[in-house]
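Read the structure below first, then the notes.
The values are calculated or read from the model by the stated rules, or taken from the named source; none is laboratory data. For clarity, every value in this text was computed on a predicted model and none was experimentally measured. Cβ sites come from the backbone with ideal geometry, for glycine too, and all protein chains shown count toward neighbours.
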Amino acid sequence: MRDPAALSGRTDLPDGVRVDETSSVTPEFARFLYAMVGGPWRWTDRLGWTREQWVADLAAPATTFLIASADGVPQGYLHLGASAVGETSEIEIKYFGLVTAAIGKGLGTALLTRGIERAWRAAELDDVPPVSRVWVHTCSLDGPAALHTYTARGLELIDQTVTDEDYPDEPLGSWASTGGPSTG
């Protein structure tokens, strides 16, 4: 998305859900959110990261998390980060997803719309150059509605690439991804 006017989508949250914004996420909590949301979708690329790798990633400019919760329990999150491109910034939606129980209840639309709105405000809020683009990289390891959800918010498909990647035959699930034993 190269123009904030292209954004569409509602921001009203389902009953009982709130969204908190923070730039102070610990590596442990960031890893937990990633594993909890990504476990059902075969997200494994960061599970082997060291704490130092998480620290470095979270130190990137304009790193911001929007965390949706109900009754104090995380229901999903959106992770933003900036990169400088000449005299402007590009804001990446690094990760976005919901726990399985929250899918299909309208939370994803609201959270993504709020996240894109926040991305466009990064220059105002995060001491980065003016934002020229908000973007996301999605793949077949995301939920089946991911691409439609992004384009329905106004993001445009720019490129498609097919690569062979190693990933588990079956999703690990949130329990195993967050460190739980596989049996017991």
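Taken over the stretch 61-85, the criterion of being over 17 Å from G115 (Cα atoms) and either modelled with pLDDT under 95 or assigned to a loop (DSSP other than H, G, I, E, B) (or both) is satisfied by D71, G72, A84, V85. If you check R10, R18, R51 for being basic (K, R) and within 24 Å of G173 (Cα to Cα), only one passes: R51.
Against the definition (crowded, with 20+ Cβ neighbours inside 10 Å, out of contact with any helix residue (DSSP H, G or I) (no Cβ under 6 Å at 6 or more places or on another chain) and without any contact (Cβ under 8 Å) to a residue 60 or more places away in the chain), how does Y77 come out, yes or no?
Values: crowded, with 20+ Cβ neighbours inside 10 Å: yes; out of contact with any helix residue (DSSP H, G or I) (no Cβ under 6 Å at 6 or more places or on another chain): no; without any contact (Cβ under 8 Å) to a residue 60 or more places away in the chain: yes.
No: the conditions fail for Y77.
Output the residue which, of all residues in the stretch 110-125 that are charged (D, E, K, R) and surrounded by fewer than 19 Cβ atoms within 10 Å (Cβ to Cβ), is nearest to T44 (Cα to Cα). Within the stretch 110-125, the match that is nearest to T44 (Cα to Cα) is E117. Report yes if K94 is in a loop (DSSP other than H, G, I, E, B), surrounded by fewer than 20 Cβ atoms within 10 Å (Cβ to Cβ) and on the phi < 0 side of the Ramachandran plot, otherwise no. Here the answer is no, as K94 does not meet what is asked.
Selection of first residues in the stretch 137-164 that are modelled with pLDDT of 80 or more and of second residues that are assigned to a loop (DSSP other than H, G, I, E, B) and of a type in the set (A, V, I, L, M), restricted to Cβ pairs under 7 Å at least 6 apart or on distinct chains, gives the following pairs, ordered by first then second residue: T151/L157; R153/L7; G154/M1; G154/L7; L155/M1; E156/M1.
When we screen L58, L7 for residues that are without any contact (Cβ under 8 Å) to a residue 40 or more places away in the chain, in contact with a Ser or Thr (Cβ under 9 Å, 6 or more places away or on another chain), surrounded by fewer than 20 Cβ atoms within 10 Å (Cβ to Cβ) and not hydroxyl-bearing (S, T, Y), the only hit is L58. Scanning the stretch 71-89 for residues that are over 12 Å from the mean Cα position of the chain (by Cα) and under 21 Å from G9 (Cα atoms) yields a count of 1.
Looking only at residues in the stretch 12-33 that are in contact with a strand residue (DSSP E or B) (Cβ under 9 Å, 6 or more places away or on another chain) and among the β-branched types (V, I, T), the one that is surrounded by the fewest Cβ atoms within 10 Å (Cβ to Cβ) is T22. Counting only residues that are assigned to a helix (DSSP H, G or I) and either more than 19 Å from the chain's Cα centre (by Cα) or of a type in the set (G, A, S) (or both), which one in the stretch 126-173 is surrounded by the most Cβ atoms within 10 Å (Cβ to Cβ)? Once the filter is applied, the top-ranked residue is A146.
Has the stretch 49-58 got any residue that is at negative phi, under 14 Å from the mean Cα position of the chain (by Cα) and not basic (K, R)? Break it down into steps so the answer makes sense when it comes.
Narrowing the stretch 49-58 to residues at negative phi: 49-58.
If we keep only those that are under 14 Å from the mean Cα position of the chain (by Cα) as well, we get 57-58.
Still in the running and not basic (K, R): 57-58.
Checking the stretch 49-58: at least one residue is at negative phi, under 14 Å from the mean Cα position of the chain (by Cα) and not basic (K, R).
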